[in-house]
Amino acid sequence: MTDTNKAGTSTKSYDGFDADERAAMKERAQELKSASRNGARAAKPDGESDVLGKIAEMSDPDRAIAERLHAIITDNAPELAPKTWYGMPAYAKDGKVVCFFQPADKFKARYATLGFSDPANLDDGNMWPTSYALTKLTSADEARIAELVKKAVS
């Protein structure tokens, strides 16, 4: 699609990503810039504060789920370092994201998700889930998540 601005020059727009997806990519770019700026100066970026700040910005029920997930993940896999990833709470081992929380509001989805990346040790045969839809957390759900997180870092 080509439009013309007031100066008479053409401007191209690409409709492949919606506004929420573009915003997530901008957040990721900012995270990478911040990490490279802090590289030599800081011993360790304060990912915990960044994650807690992102959780605080969420609306309910996403915030309630994210708070519980954060507690479950940090209690059951202390070797995972909290960080933001595309503006979402994530938890990394050796700099690689193992799991992350995608709030429903982030992309106007019907449900939030707990996702696992390639470094997660969840392989089970030829096929296994890499993300789970979350609408609320029961104590049974929390126990299952604790098991998954422990297995993911094993």
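The values are calculated or read from the model by the stated rules, or taken from the named source; none is laboratory data. From a predicted model like this one, the values you see are computed outputs, not experimental measurements. Here Cβ is always computed from backbone atoms with ideal geometry, including for glycine, and neighbour counts include all displayed protein chains.
Taking Arg28, is it surrounded by 13 or more Cβ atoms within 10 Å (Cβ to Cβ), closer than 18 Å to Phe116 by Cα, of a type in the set (Lys, Arg) and at pLDDT 95 or above? Before you say what the answer is, go through the steps one by one.
Numbers: surrounded by 13 or more Cβ atoms within 10 Å (Cβ to Cβ): yes; closer than 18 Å to Phe116 by Cα: yes; of a type in the set (Lys, Arg): yes; at pLDDT 95 or above: no.
Spelling it out, it is not the case that Arg28 is surrounded by 13 or more Cβ atoms within 10 Å (Cβ to Cβ), closer than 18 Å to Phe116 by Cα, of a type in the set (Lys, Arg) and at pLDDT 95 or above.
Does Glu79 count as surrounded by 13 or more Cβ atoms within 10 Å (Cβ to Cβ), modelled with pLDDT of 95 or more, out of contact with any Ser or Thr (no Cβ under 7 Å at 6 or more places or on another chain) and of a type in the set (Asp, Glu)? Steps first, please.
Numbers: surrounded by 13 or more Cβ atoms within 10 Å (Cβ to Cβ): no; modelled with pLDDT of 95 or more: yes; out of contact with any Ser or Thr (no Cβ under 7 Å at 6 or more places or on another chain): yes; of a type in the set (Asp, Glu): yes.
Answer is no for this residue.
Identify all residues within the range 120-154 that are small (Gly, Ala, Ser), exposed (fewer than 15 other Cβ atoms within 10 Å of the Cβ) and at negative phi; write none if there are none.
Answer for the range 120-154, where residues must be small (Gly, Ala, Ser), exposed (fewer than 15 other Cβ atoms within 10 Å of the Cβ) and at negative phi: Ser131, Ala133, Ser139, Ala140, Ala143, Ser154.
Applying the selection to the range 88-105, what residues are buried (at least 21 other Cβ atoms within 10 Å of the Cβ) and either of a type outside the set (Val, Ile, Thr) or under 23 Å from Asp18 (Cβ atoms) (or both)? Outline the logic, then answer.
Within the range 88-105, the subset buried (at least 21 other Cβ atoms within 10 Å of the Cβ) is 88-91, 97-103.
Within the range 88-105, Met88, Pro89, Ala90, Tyr91, Val97, Cys99, Phe100, Phe101, Gln102, Pro103 qualify.
Just checking, which of Leu114, Leu137 is part of a loop (DSSP other than H, G, I, E, B), touching a helix residue (DSSP H, G or I) at 6+ places or on another chain (Cβ under 9 Å), of a type in the set (A, V, I, L, M, F, W, C) and under 27 Å from Ala23 (Cβ atoms)?
Values: Leu114 fails: part of a loop (DSSP other than H, G, I, E, B).
Criteria check complete, one pass: Leu137.
Residue by residue, here is whether (1) exposed (fewer than 15 other Cβ atoms within 10 Å of the Cβ); (2) at pLDDT 70 or above; (3) in contact with a helix residue (DSSP H, G or I) (Cβ under 7 Å, 6 or more places away or on another chain) holds:
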| position | (1), (2), (3) |
| --- | --- |
| Ala7 | yes, no, no |
| Lys12 | yes, no, no |
| Asp18 | yes, yes, no |
| Ala42 | yes, no, no |
| Ser59 | yes, yes, yes |
| Arg63 | no, yes, yes |
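Given (1) part of a strand (DSSP E or B); (2) at pLDDT below 95, identify the lone condition not met by Ala90.
That leaves (2) as the condition not met.
Give me the pairs, please: first residue somewhere in the range 49-77 and at negative phi and in a loop (DSSP other than H, G, I, E, B), second residue anywhere and among the β-branched types (Val, Ile, Thr) and surrounded by 20 or more Cβ atoms within 10 Å (Cβ to Cβ), beta-carbon distance under 6 Å, and either six or more positions apart or on two chains.
Ala77/Val149
Name the residues in the range 134-152 that are under 19 Å from Tyr111 (Cα atoms) and among the charged types (D, E, K, R), would you?
Lys136, Asp141, Glu142, Arg144
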